[in-house]
Structures are given as C-alpha cells and as structure tokens.
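Colleague: What follows is a structure written as structure tokens; I'll ask about it next.
The values are calculated or read from the model by the stated rules, or taken from the named source; none is laboratory data. Just so it is clear, the structure is predicted and the values come from calculations on it, not from any experiment. All Cβ positions, glycine included, derive from the backbone under ideal geometry; neighbour counts span all protein chains shown.
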Amino acid sequence: MPDLPASAQRVQDKLAELGFGNQVVEMPDTTRSAADAAASCGCEVAQIAKSIIFRAAVSNRAVLVMASGVNRVDEDKIAAALGEELATADADFVRASTGFAIGGVAPIGHSAAPEIFIDRDLMGFETIWAAAGTPRAVFKLTPEELVRMTGGAVIEIC
C-alpha cells in the first residue's frame, strides 16, 4: 500500500487507535464534493457522509455535521440540538479547529474534539463513505461504526 499523505495517515492511525480495521484509500480523482466522492467510490451520493463544519456562535467551538450527500443541513435543527446559534466557519476556522482543509474533513482525528451530529438518513445504509483527511482520501464504514467512533448524536438534520 502506498504511503498516505500526513493528514490521511493521521485518520488511519486514529482508526487503529480506536480499534477499527477500516482502511483509508487515496482515490485517483477528487472526492471533495459528495458527487465526486460517490463517483470515485462507486456508490450512491446519499451514501457519502459529507462533513460540514459550523462554528458555535457564542462558545466559538467547532460543530461537525455528518450529513448524507443528498441532504441539505437545516441549521435551525442543528442549533436547537446544540442549544446555541450557529455561525459560518471559514476555511481558517475549519483548519484551526479540525486540522483538516475543507474538502477533506474526516469524522475523527480532529485537533480539538468538535460537537458531532450525524444525519439520521445515513443510518438506513449498509455501508457509507467518509472523508479521510485530504480531498482524495476516503474510508468505507457502516453507519453504526460512524456513531461508535465519533460518539456523535444521531438526529434529523434536514
């Protein structure tokens, strides 16, 4: 297996540390968008667990929403679950709070643990795919593994 970029290796190491055998793979093409990722992974767009980072407006903490690739996040639902309004997270905030660039934010291996919400719609799939630290790195997992590895709350997000 070829060497992974440092941020993808960080995800692979975190998977192993948590006791998961999932393998990070680098795709030949970008997986930056849900549609790109689905094409590269050979799955439905809905099976892509896209990572969306928000900034909690008052506490300034990172909030990660793992959403089905076909769903648009209802920020009011996330704010209600969080108990705090949301603000936009710019690229600098995403990098500083997660250690990842936009387009490669993994569900694990963050610089600081974010508050995590998982789209209930992802739970209906046997397998899903998530970003793994770069715009071309992904890993396959089950929705149940996503919940176990992140400790995220499963909620309706749209």
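For every residue, the table says whether it meets (1) touching an Asp or Glu at 6+ places or on another chain (Cβ under 6 Å); (2) more than 16 Å from Ala37 (Cβ to Cβ); (3) crowded, with 19+ Cβ neighbours inside 10 Å.
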residue	(1), (2), (3)
Gly109	no, yes, yes
Ala113	no, yes, no
Ile118	no, yes, yes
Phe125	no, no, no
Gly133	no, no, yes
Ala137	yes, no, yes
Lys140	no, no, no
Leu146	no, no, yes
Ala153	no, yes, no
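Colleague: Given Gly69, Gly104, Gly99, which one is within 17 Å of the chain's Cα centre (by Cα) and over 12 Å from Gly133 (Cα atoms)?
Modeller: On the way: Gly104 fails: over 12 Å from Gly133 (Cα atoms); Gly99 fails: over 12 Å from Gly133 (Cα atoms).
One residue alone meets the criteria, Gly69.
Colleague: Answer with yes or no whether Ser111 is outside any loop (DSSP other than H, G, I, E, B) and not acidic (Asp, Glu). Please lay out each step first, then the result.
Modeller: Numbers: outside any loop (DSSP other than H, G, I, E, B): no; not acidic (Asp, Glu): yes.
For Ser111, the condition - outside any loop (DSSP other than H, G, I, E, B) and not acidic (Asp, Glu) - is not met.
Quick grid of which residues meet (1) under 16 Å from Lys140 (Cα atoms); (2) at pLDDT 95 or above; (3) of a type in the set (A, V, I, L, M, F, W, C); (4) surrounded by 16 or more Cβ atoms within 10 Å (Cβ to Cβ):
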residue: Asp13; (1), (2), (3), (4): yes, yes, no, no
residue: Val24; (1), (2), (3), (4): yes, yes, yes, yes
residue: Arg32; (1), (2), (3), (4): yes, no, no, yes
residue: Val63; (1), (2), (3), (4): no, yes, yes, yes
residue: Glu75; (1), (2), (3), (4): no, yes, no, yes
residue: Ala96; (1), (2), (3), (4): no, yes, yes, no
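Colleague: Suppose the filter is more than 18 Å from Pro107 (Cβ to Cβ), buried (at least 16 other Cβ atoms within 10 Å of the Cβ) and modelled with pLDDT of 95 or more; does Ala79 pass it?
Modeller: On the way: more than 18 Å from Pro107 (Cβ to Cβ): yes; buried (at least 16 other Cβ atoms within 10 Å of the Cβ): yes; modelled with pLDDT of 95 or more: yes.
Yes; evaluated as a whole, the condition is true for this residue.
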